[in-house]
Amino acid sequence: MMHHIAELIVNVIVSGIFLYSIVLIFFYLLIGLNSIGETREYLHKNDFTDYRLMAASPHAPTVSILAPAYNEGATIVENVRSLLSLYYNNLELVVINDGSKDDSLQKLIDAYELEKVDFFVNSRIPTKAVKAVYKTRHPAYSKLVVVDKENGGKADALNVGINIASHDYIVCIDADCILEHDAILKMVKPFLEEGKERVIASGGVIRIANSCEVTGGQLTKVHLPENYWARMQALEYIRAFLLGRMAWARLDGLLLISGAFGAFDREIVIQCGGYSTHTVGEDMELVVRMRRYMHEQNLPYKVTYIPDPLCWTEAPETTRLLGRQRNRWTRGTIETLRSHKIIFMNPRYDLLGALSYPYWLLFEMLAPLIEFVGFVIFLVLAALQLINWHTFFAFLLFIIFFGYLNSIFAILMEVSTYNQYRRRKEIGKLIFAALTEPFLFHPFVVWAGIRGYIDFFRKRKSWGEMTRRGFRKAGTQT
């Protein structure tokens, strides 16, 4: 009797895992096909766009770049220089020093000849106190505004930037990012093309800058990261952005625009109350809240994404920092989906409730938990000798090889479109990284996700400091 019950439990568990895997594979195929279509359509439209006219036009949309900075002294001067050199006419740069403990503010003051100015802050979104606002008389830096404020976290710093910004659209970035010269031009293009549907947000591809060469705040030579953990993230970002985000944008079901680089309609952001300071996943939460707002107001809208590699950021190179980052991402996802659970399978929210939210719930938020529980169950069943090993290894090999195919497909998409890693040696290293992922990188990410669950239930709200090494200068070693 007990033996039959045990067999029944095993069959139910195996069937559940099998069904979960089949649905996930279906989504991966759907994402792959849609990413091809969306990327081709974007490249075709891009052939007929003259960005030079947009760059010089006084009628182009006005844009405020918001760059929150906390202890970014290692890269802050170069990054600001990079942002000031962007090809765009109607632009202001607002750098928000969020109570840094290092010399970030002083480095900015010295490098850009900043002086305190009287500045009225229209606090439409409540924030921590603003200590001072700095500008310069130097004509080359006239677009720069630096704000010094009490520490309140990234979301609070961005809200200060939203209050201070004077332009119609805001581009929110991380202060450790380096943008391509034409990044803003390409990011505002979807807003210019809007018809009946109002474009409320637009995202761009993020790439890993580790081991790349930087001169004068500009990326001069692209290299595949030499560090293993950063290299794995380079592969992961290609999959996530070139495939995942592009496909969800085509389906009009995108729930996330990376906090490292995203453009938003400032009016809608303010009407939604700005960034939430009650979550560590403020980037995802804002997009979901903006989409909810537009649905609930019965306003036609869309959220777009473009495949150009416009933004380069420094990725964590140690398991300690990478673990903190993934822990935070997990907590942010849980907090966002929990706050907006009304969307789940709610016909009022159309595809958002029927497809996007369920996908994020099952295959993003719950994925590390399901994998971890599945591994524990596997150990128990193996100890009880209740596993059909032929079936197990066949299923395991199928899943591993499907994962390899997904990664190889992402690499082929990269090579056939923007081809940032042009040396065969680097493509070979990227493929080798994909082969090691199921045995090293992925288990670590799952464990970091489990730690995120533990910290969520312990109600930990900490962001976790991310120490920067700084970028590689041209002609030097990393």
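Each value in this text was obtained by applying a stated rule to the coordinates, not by laboratory testing. Not measured: the values here are computed from a predicted model. Cβ: placed from backbone, ideal geometry, glycine included. Neighbour counts: every protein chain shown.
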### Task
Would you work out the relative contact order for the chain, in percent, from Cα pairs under 8 angstrom that are 6 or more residues apart?
18 percent
### Message
Going Cα to Cα from K425, which lysines come in below 29 Å? Please leave out same-chain ones fewer than 8 positions away.
### Response
K221, K473
### Query
Highest mean first, what order results for 186-198, 340-352 on Cβ atoms within 10 Å?
186-198, 340-352
#### Entry: Under the Karplus curve 6.51 cos²θ - 1.76 cosθ + 1.60, θ = phi - 60°, whole-Hz ³J(HN,Hα) for region 11-20, x wherever Gly or Pro sits
5, 5, 5, 4, 5, x, 5, 5, 5, 4
### Query
Scaled to the compact-protein estimate 2.2 N^0.38 Å, what is the alpha-carbon radius of gyration of region 28-318, rounded to two decimal places?
0.97
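Could you work out the percent of alpha carbon pairs in region 379-450 separated by over 20 Å, rounded to a whole number? Before the final figure, lay out the partial values.
Numbers: 1271 of 2556 pairs.
Roughly 50 percent, once rounded to a whole number.
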### Task
Among DSSP beta bridges whose residues both lie in the chain, state the antiparallel percentage, nearest 5.
40 percent
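Got a sec? How would E335, E296 order by Cβ neighbour count within 10 Å, fewest to most? Let's see the in-between values first.
On the way: E335 20, E296 11.
Lowest to highest Cβ neighbour count: E296, E335.
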### Query
What ranking do H390, H442, H278 get, fewest neighbouring Cβ atoms within 10 angstrom at the top?
H390, H278, H442
### Message
Per residue of region 158-166, what does 6.51 cos²θ - 1.76 cosθ + 1.60 with θ = phi - 60° give for ³J(HN,Hα)? Whole Hz please, x for Gly and Pro, Karplus curve as stated.
### Response
5, 5, 4, x, 5, 5, 7, 4, 10
### Task
Show the residues, 5+ positions off or on another chain, whose built amide H is closer than 5 Å to the amide H of A209.
T313, E314, A315
### Fewest-first sequence of K45, K429 by Cβ atoms within 10 Å of each Cβ
K45, K429
### Task
Pop out the ³J(HN,Hα) list for region 273-288 in order, Karplus 6.51 cos²θ - 1.76 cosθ + 1.60 with θ = phi - 60°, rounded to Hz; leave Gly and Pro as x.
x, x, 6, 7, 9, 9, 9, 8, x, 5, 5, 5, 4, 5, 4, 4
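For the ranges 93-101, 413-421, 12-20, 241-249, what's the packing order if you count other beta-carbon atoms within 10 Å of each residue, average per peptide, and put the highest first?
Details: 93-101: 22.4, 413-421: 16.9, 12-20: 13.6, 241-249: 24.3.
The peptides rank, most packed first, as 241-249, 93-101, 413-421, 12-20.
Considering only DSSP states other than H, G, I, E and B, which GluC sites (Glu not before Pro) in region 89-170 qualify as loop sites with at most 16 other Cβ atoms within 10 Å? Write out the running numbers ahead of the final one.
Working: sites: E92, E113, E115, E150; in loops: E113, E150.
Of the GluC sites (Glu not before Pro), the ones in loops of region 89-170 whose Cβ has at most 16 other Cβ atoms within 10 Å are E113, E150.
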